[in-house]
1. If you check Y185 against the conditions, is it more than 22 Å from E123 (Cα to Cα) and not polar (S, T, N, Q)?
2. Please verify whether the range 255-269 includes one or more residues that are within 16 Å of the ligand (Cβ to nearest atom), buried (at least 24 other Cβ atoms within 10 Å of the Cβ), without any contact (Cβ under 8 Å) to a residue 60 or more places away in the chain and in a loop (DSSP other than H, G, I, E, B).
3. Right, A83: closer than 23 Å to K154 by Cβ and either surrounded by fewer than 24 Cβ atoms within 10 Å (Cβ to Cβ) or free of Cβ contacts under 8 Å to residues at least 60 places away in the same chain (or both) or not?
4. Evaluate the range 307-325: report whether one residue or more is part of a strand (DSSP E or B), crowded, with 17+ Cβ neighbours inside 10 Å and among the hydroxyl-bearing types (S, T, Y).
5. Consider F338 carefully, then state whether it is away from the ligand (no atom under 14 Å from the Cβ) and surrounded by 17 or more Cβ atoms within 10 Å (Cβ to Cβ).
6. Test A402 against the stated conditions and say whether it is at pLDDT 95 or above, buried (at least 17 other Cβ atoms within 10 Å of the Cβ) and within 25 Å of H104 (Cβ to Cβ).
7. Kindly provide the set of residues from the range 81-121 that are small (G, A, S) and within 16 Å of the ligand (Cβ to nearest atom), ordered by number.
8. Quick test for you: out of A114, A158, pick the one residue that is over 16 Å from the mean Cα position of the chain (by Cα) and either under 28 Å from R60 (Cβ atoms) or of a type in the set (A, V, I, L, M) (or both).
Amino acid sequence: MKFVSTRGQTPALGFSDAVATGLAPDGGLYLPETLPQFTAADLTRFAKLGYADLCFEFLRHFATDIAPETLRALVNRSYTQFAHPEIAPIKRLDENLFVLELFHGPTLAFKDFALQLLGNLYEHQCATRGQTINVLGATSGDTGSAAIHGLLGKPGTAIFILYPDGRTSPLQERQMACTGADNVYAIAIDGSFDDAQAALKDIFADQAFRTQHRLSAVNSINLARVLAQCVYYLHAWLHLPADKRNETEFVVPTGNFGNVLAGWMLQKMGVPIHGFKVATNQNDILYRLFTTGDYRVSSVAPSLAPSMDIQVSSNFERFLYLNVGRDSAKVREVMETFKKTGGYKFENFNRDTFSASRCTDTEIPGIIKSVYDRYGYIVDPHTACGFADLSKDRPSIVLATASPAKFPETIRAAIGIEPIDPSLERLKALPLKKHLLKAEPAAIRAFIDQHAV
Ligand SMILES: *Cc1c(COP(=O)(O)O)cnc(C)c1O
């Protein structure tokens, strides 16, 4: 299987190269050259598999440059750190309401599904190519900790995560800075998240430095992340009651469009999912797109669901490419206009099987309370956005993207109870090791020079 860029101006790559490259040289994102088509017989066979075996059966269609038994072992390892035997269990709250719990991984948010796998893919690449890799990213929370836990202690790798000192939640900081692993550098920047990102951008623009340290970016556009995320949609569809699954709408709290894109791609592979609801917080670029056809940036207003606080939905480009019949000239036109003018107005926007909802910060605590009062179930502030506007006509499955235990203050304010997770309690007792740096590219470069593998 080859992978092509959405901008169509760079050669197709095999799986391992596309994963290692991240952003394509022409500025596009990688997608499979063709999507496999799963038949009813495939789906019947898949229904008998456990999560890791299902993931292997799915990924083998894409990762064709990795020997099957190697891939199987790598996938198996990727799902050993999950605290629930079903990995992605479904809870039924009501006749027509389900929750897909995606927070049983090591950092208690759905990003573990992809980043545990990506960590093992990087390790595999280091081993087969005899090279080391240094991973660099900036985070305001979940991505950094999930990436760190994907690479924890992996030989041949080091990971440097920049975050704004004092501005992530204390638990998120502990997830990054209390691992005790020698190859992990939690770097607290004296500045804002934007300062951290600006420094990062400067460093990645330095081609010589980048090559010297074989720097790789942690971001939401890596091909492996999207493919790993397809698997929990497949697993969920297979485990919904048979009389419901073709009717059920998947409701996905989203910001970068990464999560929901994976489900939609799976639908395009022949899995008869009814449709998707894009559930945004008050940073609602996707809600506006799917309701009006206007894709337009606005400023970010920090919210109670911070991992969805985005200005631009970077994975939207993949949807666009597939949705306009793989017309990369059209993609280039849209993305260039968008870059120049901050927006693009689609004339006849084809929203396919998507609907959309949005949820402001004033609504989130009330939703947490009403879900708790009605079902005795506690949702985190991101998941709460999925409950904002549920369909009355058909079954819904809401993707729970983080554990409520990660957001104790918000939950306490809403229902007077603090949810507890034993793994987070353990963290509170561990020594914190963070590196304080100025938000200056030179200081960060010097640090990387000193610690890179
Ligand atoms: C990252 C994240 C999201 C948003 O995911 P996208 O890939 O941007 O759609 C939602 N909820 C939580 C808890 C997250 O960590």
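1. On the way: more than 22 Å from E123 (Cα to Cα): no; not polar (S, T, N, Q): yes.
Against the criterion (more than 22 Å from E123 (Cα to Cα) and not polar (S, T, N, Q)), Y185 does not qualify.
2. Yes, some residue in the range 255-269 is within 16 Å of the ligand (Cβ to nearest atom), buried (at least 24 other Cβ atoms within 10 Å of the Cβ), without any contact (Cβ under 8 Å) to a residue 60 or more places away in the chain and in a loop (DSSP other than H, G, I, E, B).
3. Values: closer than 23 Å to K154 by Cβ: yes; either surrounded by fewer than 24 Cβ atoms within 10 Å (Cβ to Cβ) or free of Cβ contacts under 8 Å to residues at least 60 places away in the same chain (or both): yes.
Here the answer is yes, as A83 does meet what is asked.
4. Within the range 307-325, the subset part of a strand (DSSP E or B) is none.
No.
5. On the way: away from the ligand (no atom under 14 Å from the Cβ): yes; surrounded by 17 or more Cβ atoms within 10 Å (Cβ to Cβ): yes.
Spelling it out, F338 is indeed away from the ligand (no atom under 14 Å from the Cβ) and surrounded by 17 or more Cβ atoms within 10 Å (Cβ to Cβ).
6. Working: at pLDDT 95 or above: yes; buried (at least 17 other Cβ atoms within 10 Å of the Cβ): yes; within 25 Å of H104 (Cβ to Cβ): yes.
Here the answer is yes, as A402 does meet what is asked.
7. Step one: filter the range 81-121 for residues small (G, A, S), giving 83, 88, 105, 109, 114, 119.
Matches in the range 81-121: A88, G105, A109, A114.
8. Values: A114 fails: over 16 Å from the mean Cα position of the chain (by Cα).
A158 is the lone residue from the list that is over 16 Å from the mean Cα position of the chain (by Cα) and either under 28 Å from R60 (Cβ atoms) or of a type in the set (A, V, I, L, M) (or both).
The values are calculated or read from the model by the stated rules, or taken from the named source; none is laboratory data. What you see is a predicted model; the values in this text were computed from it and never measured. In this analysis, Cβ positions are derived from the backbone assuming ideal geometry, glycine residues included, and neighbour counts consider all displayed protein chains.
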